[in-house]
Structures are given as structure tokens and as C-alpha cells.
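Below is one structure; the comments refer to it alone.
The values are calculated or read from the model by the stated rules, or taken from the named source; none is laboratory data. Here the structure is a predicted model, which means the values were calculated and not measured. Neighbour counts run over all protein chains shown; Cβ positions are idealised from the backbone, glycine included.
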Amino acid sequence: MKRGVLTAIVIGGMLSGCVAYEVPPRGHGAYQGGPYQRDRDRDGIPDRVDRDRDGDGVRNSQDLRPNDPRRY
């Protein structure tokens with residue numbers, strides 16, 4: 001009996017760290033993005049609504065290369 005209880009405790013201890021859970025999608029405010037939405041600058045705002053999608057500090061409308069953070 002003691003051996004069975006000890007075995008159950010050991011197996012329970014080994015499995016206690018094994019937890020599977022779903023990772024929630026990253027988002028920013030109302031822009032809760034799904035897992036397949038691209039975010040080049042990783043600021044939490046999907047590229048389709050991000051005003052500066054490459055994160056270089058220049059708005060997409062004024063940026064000659066809005067997808068390249070090394071060039072303005």
C-alpha cells in the first residue's frame with residue numbers, strides 16, 4: 001500500500017509541471033490581432049492599421065519605404 005501511494009506521489013510530482021494552455025494573441029487596445037496578422041515592428045498593432053508599421057518613427061504616408069526600418 002505504501003509503495004503504491006509513494007509511486008502515485010512521485011508520478012504526480014513529475015507531471016505537475018506539465019501544463020498545456022493556449023497562448024492569447026497579442027494586441028493593442030481595440031486591435032486584438034489573430035495569430036496570422038503581421039506586425040513588423042512588434043508593437044502589438046497589426047500592420048494593416050499601424051501608422052508606422054516598420055517602427056522607424058516616420059508615418060507610412062510620409063515614408064518612402066514603409067516596410068524597411070533602416071530607410072526613411
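A compact table of results
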item: Number of the exception - ALA8 against (1) modelled with pLDDT under 85; (2) in a helix (DSSP H, G or I); result: (1)
item: Residue count for the stretch 53-68, restricted to those that are within 8 Å of ARG40 (Cβ to Cβ) and either hydroxyl-bearing (Ser, Thr, Tyr) or in contact (Cβ under 8 Å) with a residue 24 or more places away in the chain (or both); result: 1
item: Filter result for ARG48 (more than 30 Å from ARG71 (Cβ to Cβ), modelled with pLDDT of 85 or more and of a type in the set (D, E, K, R)); result: no
